[in-house]
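*Asks:* Before I ask anything, here is the structure I am working with.
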């Protein structure tokens, strides 16, 4: 366990915002985690649990304790027929986990290649891309209660996975610290290649294989999305909205070129990035807060933007989309601080 006082959070959030935390605690074992959470005197509240910081927007200094679990390790737990159960510590780099699984011929994570963050965040956010979601392969999650340090286990159904959502992001937000995530992967995988431009990119590499799906996803993401190491960003700032089919049909009469996808019966999923671009925001900037010039879903920090400036830009974008389409965009990024 490493305890740091009055520390900059700049390297702990991918926007590169230089706010400070009263205290930052880095945890490397479950034992030290349980001990910490059972000793309230060691913790200045409020508490904030973070992973790779790739889904956070700080708008001010954090006047409490930031907890960063850094549990490592990837393990094959059990092979059963055509599937394998693996586990990953919450601090395992997500893309390293995907690379590890693909290299062993285990299918289920390949469409989620190059998503920033950690294994623990995959269960909190139910990360998704190219027709796949982490929640589809997560079998269970182990965690520690923030309230009393007791150990807990959540089955897939108990995690209540939804679109970019889980029980850890809703009812139990901030109440549990995830320690380990278990994934059920396929030894003879059925590849998902029919989403967007993925199939075309795979054809450039040859036939559909686990490796080629991963490489195709990486190539597409690198061509469209900025590297947080080069320019501050948190990936997709907004969720793709899910609207009633009747509203989607009305919109399609006005904008027949509008991308839309089937969701649950009676609902359609729309492309937030397309709507933002249609409103003229692609590549625009207000001071050092701007919209990426190749993907309108991504808000970037050109260097010296504050969290408040980034948030204000996001709100201006939301108003434009609502005014033009009558759709209220929901933030995918979590805002930490007053706004």
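The values are calculated or read from the model by the stated rules, or taken from the named source; none is laboratory data. No experiment lies behind these values; they were computed from the predicted model shown. Note that each Cβ is placed from the backbone with ideal geometry, even for glycine, and that neighbours are counted across all protein chains shown.
*Asks:* Could you go through the stretch 22-31 and let me know if any residue there is at negative phi and part of a helix (DSSP H, G or I). Step through it out loud before you land on a result.
*Replies:* Step one: of the stretch 22-31, the residues at negative phi are 22-31.
Among the residues that remain, those that are also part of a helix (DSSP H, G or I) are: 30-31.
Scanning the stretch 22-31 turns up at least one residue that is at negative phi and part of a helix (DSSP H, G or I).
*Asks:* While we're here: Can we say residue 219 is within 30 Å of residue 305 (Cβ to Cβ) and in the same structural domain as residue 302 (by TED's automatic domain parsing)?
*Replies:* Numbers: within 30 Å of residue 305 (Cβ to Cβ): yes; in the same structural domain as residue 302 (by TED's automatic domain parsing): no.
Here the answer is no, as residue 219 does not meet what is asked.
For every residue, the table says whether it meets (1) crowded, with 20+ Cβ neighbours inside 10 Å; (2) at pLDDT 95 or above.
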| site | (1), (2) |
| --- | --- |
| 211 | no, yes |
| 216 | yes, yes |
| 224 | no, no |
| 227 | no, no |
| 233 | yes, yes |
| 238 | yes, yes |
| 248 | yes, yes |
| 256 | no, yes |
| 259 | no, no |
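*Asks:* Inside the stretch 157-203, can you point out the residues that are closer than 15 Å to residue 127 by Cβ and in a helix (DSSP H, G or I)?
*Replies:* 159
*Asks:* So, one more: Does residue 133 meet the test of being buried (at least 22 other Cβ atoms within 10 Å of the Cβ) and assigned by TED's automatic domain parsing to the domain that holds residue 190?
*Replies:* Against the criterion (buried (at least 22 other Cβ atoms within 10 Å of the Cβ) and assigned by TED's automatic domain parsing to the domain that holds residue 190), residue 133 does not qualify.
*Asks:* Next question. Where in the stretch 45-127 are there strands (runs of 3 or more DSSP E), lying wholly inside it, with at least 2 residues that are outside the structural domain of residue 165 (by TED's automatic domain parsing) and under 14 Å from the mean Cα position of the chain (by Cα)? Quick ask: steps written out before the conclusion?
*Replies:* Working: elements: 47-49, 56-58, 62-69, 74-80, 83-89.
Those strands (runs of 3 or more DSSP E) span 56-58.
*Asks:* Check 240, 233 and return the single one that is touching a strand residue (DSSP E or B) at 6+ places or on another chain (Cβ under 8 Å), in a strand (DSSP E or B) and under 30 Å from residue 13 (Cβ atoms).
*Replies:* 233
*Asks:* Now, a different point. Going by the structure shown, is residue 226 within 20 Å of residue 298 (Cα to Cα), in a loop (DSSP other than H, G, I, E, B) and outside the structural domain of residue 149 (by TED's automatic domain parsing)?
*Replies:* Yes: the conditions hold for residue 226.
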